[in-house]
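Peer 1: Provided herewith is a single structure, encoded as structure tokens, for subsequent inquiry.
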Amino acid sequence: MSDFNAQVIEEFRTHQGRVSGPFEGAPVALVHHVGRRTGQAHVNPMMYLAGDDGVIYVFASKSGAPTNPDWYYNLVAAGSTQVEVGTETYAVEVTEETGAERDRVYAEQASRYPGFAEYAEKTAGIRTIPVLRLTRTA
């Protein structure tokens, strides 16, 4: 885990889900996942968009890099995981959004946080940034 992620995770847990720096004021979740090849447990802080009925959406933007982040492949392969939101930790089902629904959710996130629009511009013609729907199961 990078030092940056480790610091964000520590701050998140110390301050009941609130963080400062580039994530200050933004909704952040800690998403747990297991390496599909290594079996190693990981936790990544991610900005999210809240949906209805306990759904949150996360975005495999990788800051506009030309490849998807490893956590994306791990979550899709697993189909379920746990997230920390605020002071709660709970199980979620992982579903990839596609087509018009993916576009609608991504556009909403980009309208709230312009960095996501910039990530989409960087990846245009290279890849479509995946959107994962995390639906609370417990």
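Peer 1: With at pLDDT 95 or above and surrounded by 18 or more Cβ atoms within 10 Å (Cβ to Cβ) as the only criterion, which of PRO45, PRO66, PRO27 stands out?
Peer 2: PRO45
Peer 1: Could you go through the range 59-67 and let me know if any residue there is within 17 Å of GLU84 (Cβ to Cβ) and either without any contact (Cβ under 8 Å) to a residue 12 or more places away in the chain or not basic (Lys, Arg) (or both).
Peer 2: No, every residue in the range 59-67 fails to be within 17 Å of GLU84 (Cβ to Cβ) and either without any contact (Cβ under 8 Å) to a residue 12 or more places away in the chain or not basic (Lys, Arg) (or both).
Peer 1: While we're here: Can you go through THR81, THR95 and tell me which one is out of contact with any Lys or Arg (no Cβ under 9 Å at 6 or more places or on another chain), of a type in the set (Val, Ile, Thr) and within 26 Å of GLY35 (Cβ to Cβ)?
Peer 2: THR81 is the lone residue from the list that is out of contact with any Lys or Arg (no Cβ under 9 Å at 6 or more places or on another chain), of a type in the set (Val, Ile, Thr) and within 26 Å of GLY35 (Cβ to Cβ).
Peer 1: Here are THR81, THR95, THR67: which of them is polar (S, T, N, Q) and assigned to a loop (DSSP other than H, G, I, E, B)?
Peer 2: Matching residue, one of THR81, THR95, THR67: THR67.
Yes/no matrix, rows are residues, columns are (1) surrounded by fewer than 16 Cβ atoms within 10 Å (Cβ to Cβ); (2) of a type in the set (A, V, I, L, M):
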{"residue": "LEU75", "(1), (2)": "no, yes"}
{"residue": "GLU84", "(1), (2)": "no, no"}
{"residue": "GLU88", "(1), (2)": "yes, no"}
{"residue": "ALA91", "(1), (2)": "yes, yes"}
{"residue": "GLU101", "(1), (2)": "yes, no"}
{"residue": "ARG104", "(1), (2)": "yes, no"}
{"residue": "PRO114", "(1), (2)": "yes, no"}
{"residue": "ALA124", "(1), (2)": "yes, yes"}
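Peer 1: Hey, another quick one. Just one of TYR57, TYR73, TYR48 is assigned to a strand (DSSP E or B) and either of a type in the set (Lys, Arg) or in contact with a Lys or Arg (Cβ under 8 Å, 6 or more places away or on another chain) (or both); which is it?
Peer 2: TYR57
The values are calculated or read from the model by the stated rules, or taken from the named source; none is laboratory data. Just so it is clear, the model here is predicted, and its values are computed rather than measured. A quick note on method: Cβ atoms are made from the backbone with ideal geometry, for glycine too, and the neighbour counts reach across all protein chains shown.
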